[in-house]
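S.K.: Take this structure, written in structure tokens, and hold onto it; I'll ask about it next.
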Amino acid sequence: MIKQNNQHSIKQELPAVLLFVGLIWLVFLLDRFLPLEQFGLIPRNGFHLVGIVTMPFLHGSLQHIMSNTVPLLVLLTLLAGSRANSRMIVLTIVLLGGALLWLFGRGAALHIGASGLVFGLAVFLIVSGLLERRLVPMLIAIFVTFMYGSSLLSGILPWQPGVSWDGHLFGGIAGAVAAFFLVRGKQANLGLKS
């Protein structure tokens with residue numbers, strides 16, 4: 001049996017999940033006193049290029065951060081229980097999704113929030129579960145589709161005022177790309193063809 005380098009457990013990764021979500025809440029609280037939202041992402045604006053990294057930590061309201069907290073906790077916990085390199089997957093979704101949004105998103109809109117990461121994680125878990133063709137990842141893919149499928153579809157509709165539908169779309173694309181390369185990488189390491 002081949003041992004995976006990324007084997008870990010939810011118990012091992014739960015502190016990192018809670019720390020990450022706690023950091024998002026800390027930034028939200030600091031933003032009540034400091035003008036941190038100015039560090040969000042505005043597509044094709046050089047000053048707001050930093051928003052690729054900062055966007056997931058910035059939220060405009062209590063409702064906004066609450067709507068991202070529960071799915072983040074659920075999806076990051078599911079990812080923590082997988083064989084994937086959780087930190088690399090999160091980093092890939094944040095950087096690739098943010099870069100795509102910066103390059104191709106709506107021009108004058110300020111994008112903030114972790115929903116692009118949420119969409120990326122959901123799509124990652126669905127796509128990797130289907131591509132891996134193993135029981136547990138497929139069950140997780142079904143669960144995530146059941147829980148978040150309608151939100152994934154409605155979240156990318158462009159006529160929603162005040163919603164970063166393009167951030168959701170590019171986060172989802174980044175999640176699919178990460179899943180594709182993760183599964184292909186595993187198959188290559190095992191000498192399998194897709």
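Only the coordinates and a few stated rules stand behind these numbers; no lab work does. These figures come from a predicted structure and were not determined experimentally. Please note: Cβ atoms are built from the backbone with ideal geometry, for glycine as well, and neighbour counts cover all protein chains shown.
S.K.: So which residues in segment 144-173 are of a type in the set (A, V, I, L, M) and under 16 Å from residue 113 (Cα atoms), if there are any at all?
M.R.: Residues satisfying the conditions are 152, 156, 163, 169.
S.K.: OK, next. How many residues does segment 124-140 contain that are within 15 Å of the chain's Cα centre (by Cα) and within 20 Å of residue 70 (Cβ to Cβ)?
M.R.: The number of residues fulfilling the criteria is 3.
S.K.: Considering (1) surrounded by fewer than 22 Cβ atoms within 10 Å (Cβ to Cβ); (2) closer than 30 Å to residue 46 by Cβ; (3) touching a residue at least 60 places away in the same chain (Cβ under 8 Å), say which one residue 165 fails and leave the rest.
M.R.: (3)
S.K.: Are any residues in segment 111-123 more than 8 Å from the chain's Cα centre (by Cα) and within 18 Å of residue 180 (Cβ to Cβ), and if so, which ones?
M.R.: 123
S.K.: To continue, here is another question. I want to confirm something. Restricting to segment 142-162 and keeping residues that are of a type in the set (S, T, N, Q) and crowded, with 16+ Cβ neighbours inside 10 Å, which single residue is nearest to residue 129 (Cα to Cα)?
M.R.: The residue in question is 145.
S.K.: While we're looking at this one, here's another question. Mind checking whether some residue in segment 80-89 is of a type in the set (D, E, K, R), surrounded by 11 or more Cβ atoms within 10 Å (Cβ to Cβ), in contact with a Pro (Cβ under 9 Å, 6 or more places away or on another chain) and over 23 Å from residue 162 (Cα atoms)? Explain how you work it out, then say what you get.
M.R.: Start the filter on segment 80-89 by keeping residues that are of a type in the set (D, E, K, R), which leaves 83, 87.
Next, from what is left, pick out any that are surrounded by 11 or more Cβ atoms within 10 Å (Cβ to Cβ): 83, 87.
From the residues that got through so far, the ones that are in contact with a Pro (Cβ under 9 Å, 6 or more places away or on another chain) too are 83.
The next check asks that each one be over 23 Å from residue 162 (Cα atoms); those that pass are 83.
Yes - at least one qualifying residue is present in segment 80-89.
S.K.: How many of the residues in segment 53-67 are more than 20 Å from residue 19 (Cα to Cα) and surrounded by 15 or more Cβ atoms within 10 Å (Cβ to Cβ)?
M.R.: Count: 1.
S.K.: Give me a count of the residues in segment 84-135 that are part of a helix (DSSP H, G or I), of a type outside the set (A, V, I, L, M) and within 20 Å of residue 57 (Cβ to Cβ).
M.R.: Summing the residues that are part of a helix (DSSP H, G or I), of a type outside the set (A, V, I, L, M) and within 20 Å of residue 57 (Cβ to Cβ) in segment 84-135 gives 11.
S.K.: Out of everything in segment 106-132 that is crowded, with 21+ Cβ neighbours inside 10 Å and among the small types (Gly, Ala, Ser), what residue ends up being farthest from residue 9 (Cα to Cα)?
M.R.: 113
S.K.: Please go through segment 148-159 and give me each residue that is within 16 Å of the chain's Cα centre (by Cα), assigned to a helix (DSSP H, G or I) and closer than 20 Å to residue 64 by Cβ, ordered by number.
M.R.: Hits for segment 148-159 are 148, 151, 152.
S.K.: Name, by its number, the condition in (1) loosely packed, with under 12 Cβ neighbours inside 10 Å; (2) in a helix (DSSP H, G or I) that does not hold for residue 49.
M.R.: Result: residue 49 fails condition (1) only.
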